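None of the figures in this text is laboratory data; all of them are computed from the coordinates on show. Small disclaimer: the values here were computed from a predicted structure and weren't measured. Please note: Cβ atoms are built from the backbone with ideal geometry, for glycine as well, and neighbour counts cover all protein chains shown.
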Amino acid sequence: MKSMPASDNNPNWNSPQDGEGDSANDSSGDSKRDRLAPFSPMRLVLLSPDARRKRDLKETRLGWKMAALGWEFSSHVVAGVALGWGADYLFPNLGHWGIIFGSSASVLVGTATFLRSAMKLNSELEGDGKKPQNGGKNG
């Protein structure tokens, strides 16, 4: 069986051949880092301890925001079921329609709130908290 060079074993590894990739010899203007695959380990940047601490703090805040979205959704559902159960208790003539309506309404309200908050969080992540200048309208 023919042995292959290490760079041929991994299709995501775009290492330059002998003499290629020097930024001084590169006529296209691309640096070696720009030609690497998006998830190549060669793209990793070493961070200073202060920058790493800031990144970790930002990621921790993001994690807590995501956890808050889940808790908010579940609290909407629990509150709706509790209100429906209370309506069934106060008005026994309704049958179980209070809890059915309460749980259905709470899932709808919880989903709408979850989606709205998730979209807001997503726009914060993609745009670093910047809002569009024209109010989100194109043109």
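By other beta-carbon atoms within 10 Å, ranking GLU72, GLU126 with the fewest at the front produces GLU126, GLU72. Each of ASP88, ASP50, ASP56 was scored by other Cβ atoms within 10 Å of its Cβ. Arranged with the fewest first, they read ASP50, ASP56, ASP88. Label sites at ALA51 and VAL78, each approximated as a point 7 angstrom past Cα along Cα to Cβ, lie 4.2 nm apart. Could you please report the charge total around PHE114, scoring K, R as +1 and D, E as -1 over all other residues with beta-carbon less than 15 angstrom from its beta-carbon? It works out to a net charge of +2.
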